[in-house]
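The values are calculated or read from the model by the stated rules, or taken from the named source; none is laboratory data. Please read these numbers as outputs of a predicted model, since none were measured by experiment. Reconstructed Cβ throughout: ideal geometry from the backbone, glycine too, with neighbour counts over all protein chains shown.
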Amino acid sequence: MTDESDSGVESRLRAADPVPADRPVLPDARLHELLETVMNTTSNSTPNNRHRPVRTAWLTAAAVLVVIVAPASVYLLAGRGTDDAQANTPSQPATAQSTPTPAKTTMKLAPPAADAQQSCPVFSVDVLKVMPTAFSGTVAKVGGGVVTLDVDHWYRGGNADQVLLSTPDPSATVALRGGAVSFALGDRYLISAAGGVVNDCDLSGTWSTSLELAFKQAFSG
Amino acid sequence: MKDRGLCRTLSNVESVTLARQRRFEAIAAEVAEPVLRYALRRAEAHTADDVLAETLLVAWRRLEEIPADGALPWCYAVARNCLANLARSARRQQNLVERLVLLAPPVEVAEVADAPDPRLHRALMKLRDQDRELLRLSAWEDLTPHEIAIVLGLKASTVSVRLHRARQRLATLLKHPCKIGSPSGQEQVCKEVRDDR
């Protein structure tokens, strides 16, 4: 069988395309409806709810989020996969297809601003679940204004082996959970972040069963 | 001080969520119609719509895993899995119905009659699933062997070889149109093609 007969079969197949590429199949209105529905679908619900009013759902969700977070000092920066994350890009590409390298991969995060915990909102899984970066890890090294965490589980937004968290002072004390948390060698932490900055206000903290449960609920999708 | 912090917080929340939303919308704008077309070529309209919705949901949840230069093949792979899941579910239901009412499984007569090239369609349906999918991804989705490899989880070189062989098998079937449609002849041709592998 020759390449010529290959191309003949290919041509005949192309001509028999039941849904030719020049025939529009998805009206803009349907696409917009789908996008809004998908972006507002919780992890346990189905996306294709054609009869649910969704036109304003995203705006409503955003407004609710703002109200919840408004009094907080949750400082958010880039997580992996977000457009603004490029400036804080971890050393490993954030794709599942990235080629593994023998060296440990790292992601850099910054602490919350010093005045971040003036007042915190009531903790909510709904706030946590929109965070683009979340993991649990154990402090492997402290020094030089950097806390190195060995990541044992990525909930979202990364696949690096380690996270390097810069600290404002040599004591590795970072304001988390509404108060100063000192990162201690060997201790385990649950960290969420956005925009390359760790969240405080209970959205990150020393590992605990209750906080782990919240992380599991928030990032189970 | 609080006001300044509040404004900064609101601004950051908006920028992060909007950045993620924008990336998703950009990817969706690129892939939604091709994915729906992909599903419509393989399933009925209502099923295809479900496949598109499910694919977009997976893309939204796993946005960070989507390669920047290969969103469409990645989404085709998701859509393919969705279709497979739906097909398994349909088969289970069909098996149940058959056991209950002792009906023979329906033949694809209507589908053949509606096809633009019924003879080609009949020949396609006699191929193995994987051969058929290779040919369709190449001709209808217009994917390169590298992109097909992403969809099917194979090596590009493997795809090239299998694609060539699938075209050969299809050409062989097309060369015996008189036997296609004759129950005895159809079985004979299909057996020859299977034995050829």
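Structure notes:
- When B:ALA45, B:ALA32, B:ALA68 are checked against the criterion of being in contact with a Ser or Thr (Cβ under 9 Å, 6 or more places away or on another chain), at pLDDT below 90 and small (Gly, Ala, Ser), a single residue qualifies: B:ALA68.
- Scanning region B:61-87 for residues that are surrounded by fewer than 22 Cβ atoms within 10 Å (Cβ to Cβ) and either outside any helix (DSSP H, G or I) or within 7 Å of another protein chain (Cβ to nearest Cβ) (or both) turns up B:ARG61, B:ARG62, B:LEU63, B:GLU65, B:PRO67, B:ALA68, B:ASP69, B:GLY70.
- Residue within region B:113-133 that is modelled with pLDDT under 80, part of a helix (DSSP H, G or I) and surrounded by fewer than 19 Cβ atoms within 10 Å (Cβ to Cβ) present: yes
- Count of region B:142-180 residues which are in contact (Cβ under 8 Å) with a residue 60 or more places away in the chain, closer than 18 Å to A:ARG14 by Cα and within 9 Å of chain A (Cβ to nearest Cβ): 0
- Looking across B:VAL97, B:VAL13, one residue alone is more than 19 Å from the chain's Cα centre (by Cα), at pLDDT below 80, of a type in the set (A, V, I, L, M, F, W, C) and closer than 20 Å to A:MET39 by Cβ. It is B:VAL13.
- Unique residue being touching a residue at least 12 places away in the same chain (Cβ under 8 Å), farther than 23 Å from A:GLY157 by Cβ and among the hydrophobic types (A, V, I, L, M, F, W, C) when the list is B:ALA48, B:ALA77: B:ALA48
- Top-ranked residue of region B:32-55 - restricted to ones that are more than 9 Å from chain A (Cβ to nearest Cβ) and not in a helix (DSSP H, G or I), ranked as nearest to B:GLY70 (Cα to Cα): B:ARG42
- Residue in region B:149-167 that is modelled with pLDDT under 90, among the β-branched types (Val, Ile, Thr), in a helix (DSSP H, G or I) and surrounded by 13 or more Cβ atoms within 10 Å (Cβ to Cβ) present: no
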